[in-house]
């Protein structure tokens, strides 16, 4: 099975919300950041094959990477673009179910990305702080 190329969604203005969220997490809770980074590596390795408890399907082509540290749940919402690209569109900390507003935000980003992947693919360094 070929590995999946993981990219991060970027707004037209150049902001990459998930990258910013990960950088903030790195600055405030390195353990959680490191676990999220490991989950992203597993997504790259397993792609469509990644299942619970590490990942789950939410709806309308949106999936969640599931990371837990202590009693805190971290989620990275992503979707697939073709068979070989996974786009991480949104990051959040949650207590119960993923809020509908966060799923809607990921769906909107999926729509924008699909219309013009080149403009909405983050090309900078992900893990620099």
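Since every read-out is calculated from the coordinates, none of them should be taken as a lab result. Because the structure is a prediction, the values reported are computed rather than measured. Neighbour counts run over all protein chains shown; Cβ positions are idealised from the backbone, glycine included.
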* Ordered by packing density, taken as the mean number of other Cβ atoms within 10 Å over each peptide's residues, highest first, how do 116-123, 73-80 rank? -> 73-80, 116-123
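How many percent of the alpha carbon pairs in the stretch 1-49 exceed a separation of 19 Å? Intermediate values should be presented prior to the final figure.
Numbers: 439 of 1176 pairs.
Counting pairs separated by more than 19 Å, the tail of P(r) holds 37 percent.
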* **Whole-percent pair-distance distribution, where bins are 10 Å wide, for the alpha carbons of the stretch 30-70** => 29, 55, 16, 0
* Segment residue 11-residue 96, length gained on full extension (0.36 nm per residue, minus Cα span) -> 27.8 nm
* **Contour minus Cα-Cα distance for residue 44 and residue 85 (0.36 nm per residue)** => 13.9 nm
* To do: Please give the FRET efficiency for residue 69 paired with residue 123, using the beta carbon to beta carbon distance and R0 = 25 Å, rounded to the nearest 0.05.
  => 0.30
* **Cα-projected label distance for residue 108 with residue 51, points at 7 Å along beta-carbon direction, nm** => 3.5 nm
* Would you kindly state how much longer the chain becomes between residue 3 and residue 59 on full extension, computed as 0.36 nm times their sequence separation minus their alpha carbon distance, in nm to one decimal? => 17.8 nm
